[in-house]
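Here the structure comes first, spelled out in structure tokens, and everything after it is commentary.
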Amino acid sequence: MKSNRVYIGLDFGATKTIAASADENGNIIEKIRENTPQKLDEGMELFKRMIREVSGGEKITAIGCATGGPLDWKTGIINFLHMPEWRDVPLKDIMEKEFDCPFYVDNDCNVAALGEIEFGEGLNYNDFIYITISTGFGAGIIKDQKIFRSSSGEHPELGHQTVHTKKLSDVICRCGATNCLESLISGYAIERHYGKHAEQLTDGEWNEIGTLLGEGLRNIIVMHTPEVIFLGGGVALGGGEKLLRTVTEVIKKQVKIVKLPEVKLTPLGYEAPLKGAVALAMKGFE
Ligand SMILES: [Zn+2]
């Protein structure tokens with residue numbers, strides 16, 4: 001029986017936004033990518049246009065959205081820390097009025113973790129952690145196949161732990177604290193520290209990044225005991241096997257007291273948040 005269900009996934013990033021339509025099995029039908037406007041009204045118009053375009057004029061069943069910044073997944077009010085116009089935006093209300101269908105929005109790492117369960121390898125594990133290393137460093141924690149949420153609603157920020165570093169002076173993180181892991185190994189940190197993009201790093205420099213990441217994962221492993229850690233985002237996927245080798249060496253050496261989890265690159269690649277957004281549209285916050 002033919003079904004006309006159309007789900008929309010929106011990966012709303014600080015620089016790029018991707019919209020995709022998917023069928024009831026989550027297969028992507030159409031996908032478009034645009035630069036994210038800094039201005040709020042332009043952004044809203046663009047999102048609506050992108051969603052309409054990928055839906056091909058069909059009635060939309062539900063929309064899922066992955067985004068950054070502090071947000072309230074229940075009310076769907078979002079904030080973008082580094083985009084001043086994008087504060088306290090009632091994205092859920094706006095989109096539900098516009099498209100007359102449910103709109104779900106959550107932290108991009110939580111959403112990518114949902115994508116891992118629906119379309120990747122996440123279904124094989126009860127407890128796992130999805131980590132994105134791109135411009136920043138974020139994580140989604142899955143416990144018993146559900147997103148772990150703190151009772152305050154605050155999203156756990158695993159990138160703002162600190163690790164051993166041989167640096168002589170403190171590095172100030174974008175959050176204002178010193179020597180956060182994010183301020184040492186994320187895309188913006190790499191540009192600041194090495195003066196180049198992650199893809200231009202030498203093997204030795206990747207080794208430095210991998211060592212710091214390994215120390216960070218060591219902390220995460222002993223505190224959360226995940227069965228597996230999936231790595232995604234441009235820096236992690238760019239470093240690839242090279243990065244994984246160093247990370248694995250560090251955690252093998254440093255994690256003695258709990259079972260060593262597998263650390264692997266996400267099988268969903270660069271599309272993890274987008275696929276997750278489709279999964280969120282299909283499943284909602286069940
Ligand atoms: Zn920080």
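Number of residues in segment 184-204 that are within 16 Å of the ligand (Cβ to nearest atom) and touching a residue at least 24 places away in the same chain (Cβ under 8 Å): the value is 6. Residues in segment 221-242 that are among the hydrophobic types (A, V, I, L, M, F, W, C), assigned to a helix (DSSP H, G or I) and surrounded by 21 or more Cβ atoms within 10 Å (Cβ to Cβ): 3 in all. Within segment 249-264, is there a residue that is within 24 Å of K146 (Cβ to Cβ), in contact with a strand residue (DSSP E or B) (Cβ under 9 Å, 6 or more places away or on another chain) and either at pLDDT below 95 or not charged (D, E, K, R) (or both)? There is at least one residue in segment 249-264 that is within 24 Å of K146 (Cβ to Cβ), in contact with a strand residue (DSSP E or B) (Cβ under 9 Å, 6 or more places away or on another chain) and either at pLDDT below 95 or not charged (D, E, K, R) (or both).
For segment 119-135, enumerate the residues that are closer than 22 Å to P267 by Cβ and under 13 Å from the mean Cα position of the chain (by Cα). If the condition is that a residue be closer than 22 Å to P267 by Cβ and under 13 Å from the mean Cα position of the chain (by Cα), then I129, Y130, I131, T132, I133, S134 are the ones that fit.
Residues in segment 90-117 that are farther than 18 Å from K283 by Cβ and crowded, with 22+ Cβ neighbours inside 10 Å: 1 in all.
Just one of (1) exposed (fewer than 15 other Cβ atoms within 10 Å of the Cβ); (2) within 16 Å of the ligand (Cβ to nearest atom); (3) modelled with pLDDT of 95 or more; (4) not aliphatic (A, V, I, L, M) fails for G216. It is (1). Selection of segment 62-82 for residues being over 16 Å from the mean Cα position of the chain (by Cα) and buried (at least 18 other Cβ atoms within 10 Å of the Cβ) yields A62, I63, G76. A single entry from I94, I129 fulfils the requirement of being farther than 18 Å from I18 by Cα, β-branched (V, I, T) and not assigned by TED's automatic domain parsing to the domain that holds G276: I129.
The values are calculated or read from the model by the stated rules, or taken from the named source; none is laboratory data. These numbers were taken from a predicted model, which means no experiment stands behind them. Heads up, the Cβs are rebuilt from the backbone with ideal geometry, glycines too, and the neighbour counts pull from every protein chain shown.
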